[in-house]
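Before any comments, here is the structure.
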Amino acid sequence: MLALIDSNNFYVSAERVFQPELQGKAGCVLSNNDGCAISRSNEAKETLGIKMGTPYFEMRELQQSGDLWWRSSNYTLYQDMMRRITAIVRRTFPDQEIYSIDECFCDLQGFKYHDLQQLALELRAKILQYTGVPVCIGIGATKTLAKVANKLAKKHHKETGVYVMETPEQVEAALKLTEIDDVWGIGPRYAIKLIRKGVYNAYDFTRLPEDFVLKLMTIQGRRTYLELHGQRCIPMEYDRPDKEGISTARSFGVMETELAPMEEALATYVANAALKLRAQRSVCSRIFVFCHTSRFAVVENLYSAGLDVKIDVPTNDTAVLIKAALGALRKIYVKGPRYQKVGIELRDLRSASQVQASLFEQVDTAKTAKLQKALKVIDQLNQNYGKDTIRYAAMGFEKKWFMKQEFLSRRFTTRLEEVIVVQAK
DNA sequence: TCTGGGGTCCTAGGACCC
DNA sequence: TCTGGGGTCCTAGGACCC
């Protein structure tokens, strides 16, 4: 069996741990740039009917009337809370895959003769007691079934927060209760197609012929189908594989029309992406640069452009990447549009140890070694003394383009002064 | 006025190789 | 009149996840 441990309304729950006055009141956490709701409390969902992705400006009245609180997203806090939760889970179920910022899968192979329901209930209580974050635990034979079980725990077993799906009868009943668009791997597009064919829930889906599913939804769809039949197709991944691409893009706090601030933003994103690149000891040989206006702009004001730049000698040197990115931006930038966003994606990643030198460029190994050493020192300084302690001039200083974060909570667990405040309380 | 960001995987079709 | 076959790589687009 596999377990899926998934936090309830995770960002909202994490905010509430350190701001208990938010408990029991409708609230939500906003996306970057305070754009729209991405995590909602039960009260916000149930009594106010706030949907995932509801824009901020549509909720403003609710806030003014005091019916709703909200916060900007604070990923530093959420990441740290998740680190604590997974550590607790690992003590009960050591074979763990961290799947996302708020959920992990565990293989329960070694627990054949245990009462899984009881173990899960105890684990859930422990997580709540130690971190203050409520979670639900779903247990099933495959990842997709564990996902189904988890959804049922959230919907129909709120008191216990645990649902174990062991017998074929339990599985069948669970699948009948699961709407088709609630199945992991079936998104809105496929859900529409399936409903047109009379497939309304997960059970209906499992009754379809396998080759029909293959034809309609390709091999990914078949994987979901087989998983619902209890056949494991999606393996556990204990070590996160290296990323195949790294992208960084943000919306501007206010629409931007000038090149200079866009260049600063872009250089900053490149520096962040390059840091991630070095962290996984990779280099990249292509960088894609793009900029565009808001997709909600009127048609005649829309503009979108992108350029893919090849880098002759694969690198993870921030300076080289910034230079390439800025060159590309200057080519695609035109004066006039009100830009909403610039971004980059590092592509063609490979291990730094497998770099193929350029035929026409002499590689000075001593110089390369020196550069790597310098980059390492910069990364270390920024880690120890705070982001941007050492920075590239192209990143600028004022950051007027920076995204909106008007309602940001404190980094309660990761800034020394914050930790002291909390401990004092 | 204001509407998120970061990923992965798969397929089809074109270009190109020998 | 008749004009191969097997393969790789790249890109664009579509779908999904959180």
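Criterion applied to A:1, A:82 was being crowded, with 16+ Cβ neighbours inside 10 Å, within 20 Å of residue A:149 (Cβ to Cβ), among the aliphatic types (A, V, I, L, M) and away from DNA strand B (no atom under 12 Å from the Cβ), and the one residue passing it is A:1. Note on segment A:18-50: residues that are within 30 Å of residue A:252 (Cα to Cα), open to solvent by 40 Å² or more (accessible area, probe 1.4 Å) and part of a helix (DSSP H, G or I) total 3.
Yes/no matrix, rows are residues, columns are (1) closer than 17 Å to residue A:407 by Cα; (2) of a type in the set (A, V, I, L, M); (3) at pLDDT 90 or above:
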{"site": "A:27", "(1), (2), (3)": "yes, no, yes"}
{"site": "A:34", "(1), (2), (3)": "yes, no, yes"}
{"site": "A:40", "(1), (2), (3)": "yes, no, yes"}
{"site": "A:43", "(1), (2), (3)": "no, no, yes"}
{"site": "A:55", "(1), (2), (3)": "yes, no, yes"}
{"site": "A:70", "(1), (2), (3)": "yes, no, yes"}
{"site": "A:74", "(1), (2), (3)": "yes, no, yes"}
{"site": "A:77", "(1), (2), (3)": "yes, yes, yes"}
{"site": "A:82", "(1), (2), (3)": "no, yes, yes"}
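The set of residues in segment A:275-315 that are more than 11 Å from DNA strand B (Cβ to nearest atom), in contact with a Pro (Cβ under 9 Å, 6 or more places away or on another chain) and of a type in the set (Val, Ile, Thr) contains only A:283. All of (1) surrounded by 12 or more Cβ atoms within 10 Å (Cβ to Cβ); (2) at pLDDT below 90 hold for residue A:66 with one exception: (1). Residues in segment A:90-124 that are free of Cβ contacts under 8 Å to residues at least 12 places away in the same chain and within 16 Å of residue A:164 (Cα to Cα) were compared, and the one that is farthest from the chain's Cα centre (by Cα) is A:113.
Taking the condition open to solvent by 60 Å² or more (accessible area, probe 1.4 Å) and more than 16 Å from DNA strand B (Cβ to nearest atom), does residue A:241 pass?
Values: open to solvent by 60 Å² or more (accessible area, probe 1.4 Å): yes; more than 16 Å from DNA strand B (Cβ to nearest atom): no.
When the stated conditions are applied, residue A:241 does not pass them.
Between A:271, A:265, which is aliphatic (A, V, I, L, M), surrounded by 15 or more Cβ atoms within 10 Å (Cβ to Cβ), more than 26 Å from residue A:96 (Cα to Cα) and touching a helix residue (DSSP H, G or I) at 6+ places or on another chain (Cβ under 6 Å)? When all the criteria are applied, what remains is A:271.
Would you mind finding the one in A:282, A:294, A:304 that is closer than 16 Å to residue A:341 by Cβ and either free of Cβ contacts under 8 Å to residues at least 12 places away in the same chain or open to solvent by less than 30 Å² (accessible area, probe 1.4 Å) (or both)? Please lay out each step first, then the result.
Details: A:282 fails: closer than 16 Å to residue A:341 by Cβ; A:304 fails: either free of Cβ contacts under 8 Å to residues at least 12 places away in the same chain or open to solvent by less than 30 Å² (accessible area, probe 1.4 Å) (or both).
After ruling out the rest, the residue left standing is A:294.
Per this entry, residue A:60 is not counted among residues that are of a type outside the set (Gly, Ala, Ser), outside any loop (DSSP other than H, G, I, E, B), surrounded by fewer than 21 Cβ atoms within 10 Å (Cβ to Cβ) and in contact with a strand residue (DSSP E or B) (Cβ under 7 Å, 6 or more places away or on another chain). For segment A:165-222, the candidate set comprises residues that are loosely packed, with under 14 Cβ neighbours inside 10 Å and of a type in the set (Ser, Thr, Tyr); within that set, the residue that is nearest to DNA strand B (Cβ to nearest atom) is A:218.
Which of the residues belonging to segment A:206-230 are within 27 Å of the chain's Cα centre (by Cα) and not hydroxyl-bearing (Ser, Thr, Tyr)? Listed by number, the residues that qualify are A:217, A:219, A:220, A:221, A:222, A:223, A:226, A:227, A:228.
With the structure loaded, tell me whether residue A:154 is open to solvent by 10 Å² or more (accessible area, probe 1.4 Å), closer than 22 Å to residue A:9 by Cβ and charged (D, E, K, R) or whether it fails that test. Against the criterion (open to solvent by 10 Å² or more (accessible area, probe 1.4 Å), closer than 22 Å to residue A:9 by Cβ and charged (D, E, K, R)), residue A:154 qualifies. In this structure, does residue A:331 turn out to be modelled with pLDDT of 90 or more, of a type in the set (Lys, Arg) and surrounded by fewer than 16 Cβ atoms within 10 Å (Cβ to Cβ)? So residue A:331 does not fit the description; no.
Listed here are the residues, each with its yes/no results for (1) over 19 Å from residue A:89 (Cβ atoms); (2) modelled with pLDDT under 95; (3) outside any helix (DSSP H, G or I).
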{"site": "A:128", "(1), (2), (3)": "no, no, no"}
{"site": "A:171", "(1), (2), (3)": "yes, no, no"}
{"site": "A:189", "(1), (2), (3)": "yes, yes, no"}
{"site": "A:222", "(1), (2), (3)": "yes, yes, no"}
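What are the pairs, 6+ residues apart or on separate chains, where a residue within segment A:39-62 that is within 16 Å of residue A:16 (Cα to Cα) has its Cβ under 6 Å from a residue that is modelled with pLDDT of 90 or more and within 16 Å of DNA strand C (Cβ to nearest atom)? Every condition considered, the pairs that remain are A:39/A:9; A:39/A:11; A:39/A:12; A:39/A:29; A:40/A:28; A:41/A:9; A:41/A:12; A:44/A:28.
The values are calculated or read from the model by the stated rules, or taken from the named source; none is laboratory data. Nothing here was measured: the structure is a model prediction, and the numbers come from that model. With ideal geometry, Cβ positions are generated from the backbone for all residues, glycine too; neighbour counts draw on all protein chains shown. Just the protein is used for accessible areas: all its heavy atoms, side chains included, with ligands, DNA and RNA removed. Shrake-Rupley method; radii C 1.70, N 1.55, O 1.52, S 1.80 Å.
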